[in-house]
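Structure first, commentary second.
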Amino acid sequence: MKYALAVNRVTDNLNFNVNLILEYIQEAKKNHADFIIFPECCITGLINNDIPEHDLALGITENSNIIRTICKSAMQNEIYVSIGFFELDNKFLYDSTICIDNFGNIISKYRRMSDGWHGSNVDKKVYKQGIDIATFNIENKKYSYLICGDLFDNIIADKVRKENIDILIFPFARTLNDGDVSQRRWDTEEMPYYIEQISKIGALTLMVNYVKNSSNTRNYFFGGAYVVDKSGEIIAQKDIEDAGILYFEAN
C-alpha cells in the first residue's frame with residue numbers, strides 16, 4: 001500500500017480549497033498512491049470561533065455536494081481518501097474524519113472525542129463530540145483514527161491501543177500561539193510528546209497537518225507530515241511550512 005500524506009494549503013476561499021484537494025487526489029494517483037490522507041478540518045480550516053451562527057456555516061454533511069464530489073474523485077481515480085471536515089448533523093457540529101474507498105463509498109466515519117477543538121464555554125447543544133472509536137479494514141490491515149487532542153487523552157488512546165490496530169491515521173491541526181514557528185522548535189519541543197503517545201498505541205502512525213497563513217498566530221497552521229513506526233521512530237517526514245505530498249510505501 002502506497003500512502004500519500006497531503007499537506008494542503010487552506011485559504012478563506014472554499015472553492016479554492018476543494019479544487020486543491022481534488023488536484024492532490026489526482027496527483028497522488030499519478031504517483032501510484034493507493035491511499036491519500038488529508039488533515040483535520042482541511043476543507044475550511046479549523047477557524048471556528050465558538051459562535052454558533054459562524055461555526056455552523058462551516059459545517060457540511062456527509063451527503064453534501066462537496067463530500068459527494070470528493071467521493072466521485074476517489075472513484076474516478078481508484079484511490080482511498082481520508083479527509084477531515086466540520087460535520088453538520090441536524091443542528092449539531094462535529095470535528096469529523098471519513099474514509100472513502102476506491103469505489104467512492106464512505107466506509108468509516110470518526111468524530112473527534114476530545115473537546116479541545118472548541119472553547120470550554122460553548123453551547124453544548126450545538127458543539128458535540130463522538131462517543132466511540134472507529135476501526136476498519138483495508139487489504140488485511142486494521143485501521144483506526146485519532147484526531148489531534150485525542151492522542152493526548154489517555155482514555156481515548158487506550159481504547160485504540162486495545163484494538164491492536166496495524167495503522168493509526170492521525171489528522172491534526174496545530175499552531176503555536178506565540179507564533180515562533182521553526183523546524184528546530186517543533187522537532188525538539190513538540191514532536192517528542194507526539195512520539196511518546198504514539199509509542200503507547202503501538203501502531204504505524206500517519207500524521208498530517210495543513211498549512212494556512214495568517215497574521216494572527218492562533219490561525220497560522222504550519223503543516224508537516226510524519227510517518228512514525230510503532231516503536232516511535234520517525235521513518236519519513238515532510239518538514240513544516242512546506243505544502244505538498246509525502247509518499248510512503250508499507251508492506
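Brief remarks on what is shown
- Whole-Å semi-axes of the ellipsoid equivalent to segment 1-140 (Cα gyration tensor, √5λ, descending): 26, 17, 12
- In percent, rounded to a whole number, the relative contact order of the chain is 21, using alpha-carbon pairs under 8 Å and six or more apart.
- Residue ranges 229-238, 72-81, 98-107 sort as 72-81, 98-107, 229-238 when ordered by packing (mean number of other C-beta atoms within 10 Å per residue, highest first).
- Over all distinct Cα-Cα pairs of segment 100-235, the Kirkwood formula returns a hydrodynamic radius of 16.1 Å.
- Principal axis extents of the Cα atoms in the chain, from largest to smallest and rounded to whole angstrom, are 46, 41, 34.
- Ordering HIS54, ILE138, TRP186 by Cα displacement along the dipole of the chain toward the positive end leaves ILE138 in first place; charges were set at the Cβ atoms of Lys, Arg (+1) and Asp, Glu (-1).
- Protection-proxy order for peptides 116-123, 90-97, 200-207, each taking the mean of Cβ atoms within 10 Å per residue, highest first: 200-207, 90-97, 116-123
- For the chain, the Cβ-based charge dipole about the Cα centre amounts to some 440 debye (Lys, Arg positive; Asp, Glu negative; other atoms uncharged).
- Segments 52-59, 64-71, 134-141 sorted - mean Cβ within 10 Å per residue, highest first: 64-71, 52-59, 134-141
Throughout, read-outs are computed from the coordinates displayed, never taken from laboratory work. Since the structure is predicted, the reported quantities are computational estimates derived from the model, not experimental observations. Virtual Cβ from ideal backbone geometry, glycine too; neighbours counted across all protein chains shown.
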